[in-house]
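S.K.: First, the structure itself, so that you have it in front of you.
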Amino acid sequence: LVLSNSTALNLLLSKLLQDCLEQTNSSAIPQARSTSDSLEIIYVLLLLGLFGFFTVAVMVTNVRARRLEGHDPFSTYICATDSWHRQDRQLFQAKLMESYKLCCVLENQLAVEQPGRRIPEEKSS
């Protein structure tokens, strides 16, 4: 029984193998397959070409943007902000010097001439 089952299995497998070989050797199927294979290859090449085109475009745009970094609006804003702070500091220093020039000292001649004498205080009633 075991021997007949294995023989039947071997016969079945050999029959399937022969059928597969006959299908691959027939001339009608490879022609149909070759046209579909060529279309698949064209499709894959088209997709790779488009992907390559977009990749190169992104790389060129990135390189160009890095080259024009001096004209970047963000960098321009940062530089302008620094110059604004510098101008504000210079303006503050100028106003401070002007206020020093406008300062005057008032002296009380009586207090200068009589340093030991105290100024009388008001007495509350």
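S.K.: Could you grab the pairs with beta carbons closer than 9 Å, sequence gap of 6+ or different chains, first residue in segment 41-68 and surrounded by 10 or more Cβ atoms within 10 Å (Cβ to Cβ), second one of a type in the set (Asp, Glu)?
M.R.: Note: pairs meeting the criteria are Ala65/Asp72.
S.K.: Go through segment 1-15 and report how many residues are open to solvent by less than 80 Å² (accessible area, probe 1.4 Å) and modelled with pLDDT under 70.
M.R.: 1
S.K.: Could you grab the pairs with beta carbons closer than 9 Å, sequence gap of 6+ or different chains, first residue in segment 72-87 and at positive phi and outside any helix (DSSP H, G or I), second one open to solvent by less than 90 Å² (accessible area, probe 1.4 Å) and modelled with pLDDT of 70 or more?
M.R.: So the pair list comes out empty.
S.K.: Next up: So if I check each of Gln18, Gln23, Gln90, which one is open to solvent by 100 Å² or more (accessible area, probe 1.4 Å), in contact with a helix residue (DSSP H, G or I) (Cβ under 8 Å, 6 or more places away or on another chain) and at pLDDT 75 or above?
M.R.: Gln23
The values are calculated or read from the model by the stated rules, or taken from the named source; none is laboratory data. This one's a predicted model, so the numbers in the text were calculated from it and none came from an experiment. Ideal geometry is used to build each Cβ from the backbone, glycine not excepted, and the neighbour counts take in all protein chains shown. Heads up: the accessible areas ignore ligands, DNA and RNA and are worked out on the full protein's heavy atoms, side chains in. Shrake-Rupley method; radii C 1.70, N 1.55, O 1.52, S 1.80 Å.
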